[in-house]
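Here the structure comes first, spelled out in structure tokens, and everything after it is commentary.
The values are calculated or read from the model by the stated rules, or taken from the named source; none is laboratory data. It should be emphasised that the depicted structure is a prediction, and the values quoted were computed from it without experimental measurement. With ligands, DNA and RNA removed, areas are computed over all heavy atoms of the protein, side chains included. Shrake-Rupley method; radii C 1.70, N 1.55, O 1.52, S 1.80 Å.
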Amino acid sequence: LTYFEKQEKLSVDRFIFPLIHFFDEDVPLVADFSLDNNSLYLIGQNGSFVILDVETLLPIYQNDFKKKTLDLVNLLEGILLVFEDSLLILKIRDAAIVIDEETTRLITKASKISKVRFHRNSGFLAIGFEGFKDQSSIIEIFKTGDVFEKFHTLETDELLLLDFSSEDEDKLYLMYSDIVGKTEIFRIEHDQVIIESRSDIIWSTDGFLIS
């Protein structure tokens, strides 16, 4: 091997081996860097979670939650782990990773999670929960930060799509659709649904279009 090939192999070995060891009974699902790019977050399909130091690739924190994972959301103030039937917020306090139990209780409902979306520029978080039997699905909207605030609750049929627009907070929309194609638009600034029960809305990076 040439010098550069040896260096590349060394880098791969340093990165892959810790992951193979940690995810020996799981499959990595989501990876994301911390906002300062000093840490790498990884979570597996079955709840294996690790935070690695980017420089050393050594684990800073690791835990096997043994739950089916849907997503990992890198919040402005902490990390949101999204499991099929529960949510968990981790925060860094005094150089330690701790579970924020108070905020976790605030955003948790006794039903399965279907969709989660986070708008980084504004800090708004939308969580879709499945309804019980014939009940509607629920979308809870929170304003995140050091302290989370519940902003609004929306109802829809079985949730299929949930997403924020790309605008800043003063022109921010949340679009949600159900399984039969009915789409509604909620404007964050006005705290109201501005378009209801339409099936001809097309979403784009510039906003929404009505065909």
- Query: Could you give the distance between the Cα centres of segment 143-197 and segment 92-125, to the whole Å?
  - Reply: 17 Å
- Task: Kindly sort Ile60, Ile97, Ile139, Ile194 by accessible area of their heavy atoms, largest first, with the probe set to 1.4 Å.
- Result: Ile60, Ile194, Ile97, Ile139
- Message: Check which residues have an amide H placed less than 5 Å from Asp71's amide H, if you skip close sequence neighbours.
- Response: Val82
- Note on the structure: With 0.36 nm assigned to each residue of separation and the Cα-Cα distance removed, Asp53 to Phe33 gains 6.2 nm
- Of Lys109/Lys150; Lys67/Lys112; Lys67/Lys150; Lys91/Lys171, pairs whose Cα-Cα distance is over 23 Å: Lys67/Lys150; Lys91/Lys171
- Message: 5 Å is the cut-off here: which amide hydrogens, built 1.01 Å from N in the peptide plane, fall below it relative to Asp100, excluding neighbours closer than 5 in sequence?
- Response: Ile89, Leu90, Lys91
- Message: Report the gain in length on full extension from Asn121 to Val147: 0.36 nm times residue separation, minus Cα-Cα distance, nm rounded to one decimal.
- Response: 7.7 nm
- Task: List the equivalent ellipsoid semi-axes of segment 50-183 in whole Å, largest first, each obtained as the square root of 5λ for an eigenvalue λ of the Cα gyration tensor.
- Result: 27, 18, 14
